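Visitor: The structure is given below, and queries will be raised subsequently.
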Amino acid sequence: MDARAAREHEHDHAHQAVPSDPALRVKALESLLVEKGLVDRAALDALIDTYQHKIGPRNGARVVARAWVDPAYKRRLLANATAAIAEFGYGGSQGEHMVVVENGPQVHNVVVCTLCSCYPWSVLGLPPVWYKSAPYRSRAVIDPRGVLREFGLDLPEEVEVRVWDSTAELRYLVLPERPPGTESLSEDELAALVTRDSMVGVAKVSA
Amino acid sequence: MNGVHDMGGMHGMGPIEYEKDEPVFHARWEGLAFALNRAMGVWAKWNLDASRHGIERLPPAEYLRMSYYEKWTARLELLLVESGLVTAEELAAGMPAPGSPKALPALTAEKVPALGKGRPASRDVPVAPRFHAGQSVRALNMHPAGHTRLPRYARGKQGTVDRDHGVFVFPDTNARFLGEKPQHVYSVRFAACELWGGQASPRDSVYLDLWDDYLEPA
């Protein structure tokens, strides 16, 4: 093949849009990168294990429960979320710059990333499919109340809705309202009530 | 770029599909796609902004068709070839070119916890803020063909600076390896009615984190 034919051949490859089985495509890429010495299989396994088992919304739930029972902690959390969350040992990738926004009777906060999938990994883990999907990303900013109704949350008109579009490197965690009737619960029991969705702002916490 | 990724305010994308008790990865290959992206990032041939731009540059029909980790896989292939870590021929063949040297992996299992410590995008450099909390600002009506984090729905709209987050790397230049151009990022509050007109609730608002270069006084 001469150089021009080779370039055209390459061009064809670059623009071909034949859907292939993603599992095979990823496996082929892994093999190539291992063969070239660019990645180490044990490191890949360790990465998968970390995000599958070690980082997830239970982290955020512990932060929320602490804020509910400890007013001084809540003040620190709202003033400097990154530092207050680090008190639990949580931080790092996609949690380097944290902001916590508080829900209350008059204000409801909800988080989105319209441009991609920015999400506070360090406290919530990797985002669910719906958060990364076109329906949520397109509508959360133009019709937040309609989106929240789809999640089963019908907010009264007098409640102010604040949508946080994660356009920069700040990552947002919603501090949901503590549900009534939970005065006798321990911090751990409270943490067990806190859902991922409530910390994104698409649900309330119920007792 | 005015790409299909810039979805805020679009219609017709359908209902939100919620999966109860969703697993972190639906199959082994999703975890592998995630891990390969993270592990290859350690070679530092690209940065976070360039990698986001990689996904934005996928053909629009492909972007909409592909699942999330399919996009991550396609983006990684694109960046691998562009950075020269892998040739297009090697990618097509699925094996290294004959006689090509074998590298030592940049990321080993022992280094995974350190990678998890993250990389702040803030910069400790003295840059004066052009705006302050409480100030009225307007997002520029700009349409760069390259990477930007100013969504279309906010361009030309007036808002109020809520707070100054400090100095951060500027994605528009960093994504194209034209320098970090550190500058202030502000949380800017836009009234929902300013963005969407009378159909929006007069109480509601959208907050965006915007760089100095995206704003002008209003």
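The values are calculated or read from the model by the stated rules, or taken from the named source; none is laboratory data. Predicted, not measured: the structure shown is a model, and the values here were computed from it. Quick reminder, even Gly has a Cβ in these numbers, built from the backbone with ideal geometry, and neighbours come from all protein chains shown.
Visitor: Can you tell me which residues in region B:168-218 are of a type in the set (S, T, Y), within 11 Å of chain A (Cβ to nearest Cβ), free of Cβ contacts under 8 Å to residues at least 60 places away in the same chain and outside any loop (DSSP other than H, G, I, E, B)? Even if it seems obvious, please write down each step before you answer.
Guide: Kept after step one, since they are of a type in the set (S, T, Y), are these residues of region B:168-218: B:173, B:186-187, B:201, B:205, B:207, B:214.
Restricting the remaining residues to those that are within 11 Å of chain A (Cβ to nearest Cβ) gives B:186-187, B:201, B:205, B:207, B:214.
Then keep just the ones that are free of Cβ contacts under 8 Å to residues at least 60 places away in the same chain; that gives B:186-187, B:201, B:205, B:207.
B:Y186, B:S187, B:S205, B:Y207 - these are the residues of region B:168-218 that are of a type in the set (S, T, Y), within 11 Å of chain A (Cβ to nearest Cβ), free of Cβ contacts under 8 Å to residues at least 60 places away in the same chain and outside any loop (DSSP other than H, G, I, E, B).
Visitor: Hey, another quick one. Answer yes or no: is there a residue in region A:115-127 that is of a type in the set (F, W, Y) and out of contact with any Lys or Arg (no Cβ under 6 Å at 6 or more places or on another chain). Step through it out loud before you land on a result.
Guide: Initial filter on region A:115-127 (of a type in the set (F, W, Y)): A:119, A:121.
Keeping just the survivors that are out of contact with any Lys or Arg (no Cβ under 6 Å at 6 or more places or on another chain) gives A:119, A:121.
Checked against the condition, which is being of a type in the set (F, W, Y) and out of contact with any Lys or Arg (no Cβ under 6 Å at 6 or more places or on another chain), region A:115-127 yields at least one hit.
Visitor: Would you please name the residue that is nearest to A:T182 (Cα to Cα), looking only at residues in region A:27-76 that are at the interface with chain B (Cβ under 7 Å from one of its Cβ atoms) and among the polar types (S, T, N, Q)?
Guide: A:Q52
Visitor: Being over 18 Å from B:E17 (Cβ atoms) and at the interface with chain B (Cβ under 10 Å from one of its Cβ atoms) is the filter here, so list the residues in region A:145-158 that pass it.
Guide: Of the residues in region A:145-158, the ones over 18 Å from B:E17 (Cβ atoms) are A:145, A:154-158.
Within region A:145-158, A:R145, A:L155, A:E157, A:E158 meet the criteria.
Results for (1) surrounded by 16 or more Cβ atoms within 10 Å (Cβ to Cβ); (2) in the same structural domain as B:C193 (by TED's automatic domain parsing); (3) under 20 Å from A:A42 (Cα atoms), shown as yes or no for each residue.
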site	(1), (2), (3)
B:A106	yes, no, yes
B:E110	no, no, yes
B:A145	no, yes, no
B:G156	no, yes, no
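Visitor: Let me ask another. Restricting attention to region A:81-99, and to residues there that are under 13 Å from the mean Cα position of the chain (by Cα) and within 18 Å of B:K111 (Cα to Cα), which single residue is nearest to the other protein chains (Cβ to nearest Cβ)?
Guide: A:S93
Visitor: Given the criterion facing another protein chain (nearest Cβ under 7 Å), free of Cβ contacts under 8 Å to residues at least 60 places away in the same chain and assigned to a helix (DSSP H, G or I), identify the matching residue among B:A61, B:A74, B:A35. Give the steps one after another, and end with the answer.
Guide: Working: B:A61 fails: facing another protein chain (nearest Cβ under 7 Å); B:A74 fails: facing another protein chain (nearest Cβ under 7 Å).
The match here is B:A35.
Visitor: What is the number of the single condition among (1) modelled with pLDDT of 95 or more; (2) touching a helix residue (DSSP H, G or I) at 6+ places or on another chain (Cβ under 7 Å); (3) not in a helix (DSSP H, G or I) that B:L85 does not meet?
Guide: Condition (2) is where B:L85 drops out.
Visitor: Go through region A:100-113 and count every residue that is surrounded by fewer than 18 Cβ atoms within 10 Å (Cβ to Cβ), part of a loop (DSSP other than H, G, I, E, B) and within 10 Å of chain B (Cβ to nearest Cβ).
Guide: Of the residues in region A:100-113, the ones surrounded by fewer than 18 Cβ atoms within 10 Å (Cβ to Cβ) are A:102, A:104-107.
Within this subset, residues satisfying the condition of being part of a loop (DSSP other than H, G, I, E, B) are A:104-106.
With within 10 Å of chain B (Cβ to nearest Cβ) added as a condition, the list becomes A:106.
Total meeting the criteria: 1.
To keep it simple, each residue is scored yes or no on (1) farther than 29 Å from B:P105 by Cβ; (2) modelled with pLDDT of 95 or more; (3) crowded, with 16+ Cβ neighbours inside 10 Å.
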position: B:P15; (1), (2), (3): yes, yes, no
position: B:Y18; (1), (2), (3): yes, yes, yes
position: B:E22; (1), (2), (3): yes, yes, no
position: B:E30; (1), (2), (3): no, yes, yes
position: B:H53; (1), (2), (3): no, yes, yes
position: B:E56; (1), (2), (3): no, yes, yes
position: B:P60; (1), (2), (3): yes, yes, no
position: B:Y63; (1), (2), (3): yes, yes, yes
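Visitor: Pairs please, first residue from region B:80-96 and at positive phi, second anywhere and surrounded by 15 or more Cβ atoms within 10 Å (Cβ to Cβ), Cβ atoms under 8 Å, 6+ apart in sequence or on different chains.
Guide: What qualifies is B:G84/B:K45; B:G94/A:A28; B:G94/A:L32.
Visitor: Here is a follow-up. Please go through region A:152-190 and pick out each residue that is surrounded by fewer than 20 Cβ atoms within 10 Å (Cβ to Cβ) and not in a loop (DSSP other than H, G, I, E, B).
Guide: Matches in region A:152-190: A:E160, A:E187, A:D188, A:E189.
Visitor: Kindly indicate whether A:V205 is within 20 Å of the chain's Cα centre (by Cα), modelled with pLDDT of 95 or more and not assigned by TED's automatic domain parsing to the domain that holds A:K74.
Guide: Working: within 20 Å of the chain's Cα centre (by Cα): yes; modelled with pLDDT of 95 or more: yes; not assigned by TED's automatic domain parsing to the domain that holds A:K74: yes.
When the stated conditions are applied, A:V205 passes them.
Visitor: Just give me the residues in region B:44-58 being out of contact with any Cys (no Cβ under 9 Å at 6 or more places or on another chain) and either within 7 Å of another protein chain (Cβ to nearest Cβ) or part of a helix (DSSP H, G or I) (or both), in sequence order.
Guide: Those that are out of contact with any Cys (no Cβ under 9 Å at 6 or more places or on another chain) and either within 7 Å of another protein chain (Cβ to nearest Cβ) or part of a helix (DSSP H, G or I) (or both): B:L48, B:D49, B:A50, B:S51, B:H53, B:G54.
Visitor: A:L170 fails exactly one of the following numbered conditions: (1) within 12 Å of chain B (Cβ to nearest Cβ); (2) without any contact (Cβ under 8 Å) to a residue 24 or more places away in the chain. What is the number of that condition?
Guide: Failed condition: (2).
Visitor: Still on this structure: Within region A:129-136, is there a residue that is under 15 Å from the mean Cα position of the chain (by Cα), among the aliphatic types (A, V, I, L, M), modelled with pLDDT of 95 or more and part of a helix (DSSP H, G or I)?
Guide: Scanning region A:129-136 turns up at least one residue that is under 15 Å from the mean Cα position of the chain (by Cα), among the aliphatic types (A, V, I, L, M), modelled with pLDDT of 95 or more and part of a helix (DSSP H, G or I).
Visitor: Shifting gears a bit: Looking only at region A:122-144, how many residues end up being without any contact (Cβ under 8 Å) to a residue 40 or more places away in the chain and either more than 9 Å from every other protein chain (Cβ to nearest Cβ) or of a type outside the set (S, T, Y) (or both)? Spell out the reasoning first.
Guide: Applying the first criterion (without any contact (Cβ under 8 Å) to a residue 40 or more places away in the chain) to region A:122-144 yields A:127, A:129-130, A:132-144.
Narrowing further to those that are either more than 9 Å from every other protein chain (Cβ to nearest Cβ) or of a type outside the set (S, T, Y) (or both): A:127, A:129-130, A:132, A:134-135, A:137, A:139-144.
So the count comes out to 13.
Visitor: Among B:H147, B:H165, which is the only one that is within 14 Å of another protein chain (Cβ to nearest Cβ), part of a strand (DSSP E or B) and not aromatic (F, W, Y)?
Guide: Values: B:H147 fails: part of a strand (DSSP E or B).
Of the residues listed, the single one that is within 14 Å of another protein chain (Cβ to nearest Cβ), part of a strand (DSSP E or B) and not aromatic (F, W, Y) is B:H165.
Visitor: For region A:63-79, which positions are exposed (fewer than 13 other Cβ atoms within 10 Å of the Cβ) and either modelled with pLDDT under 95 or among the small types (G, A, S) (or both)?
Guide: A:A72, A:A79
Visitor: Among (1) part of a helix (DSSP H, G or I); (2) at the interface with chain A (Cβ under 7 Å from one of its Cβ atoms), there is one condition B:M13 misses while meeting the rest; what is its number?
Guide: (1)
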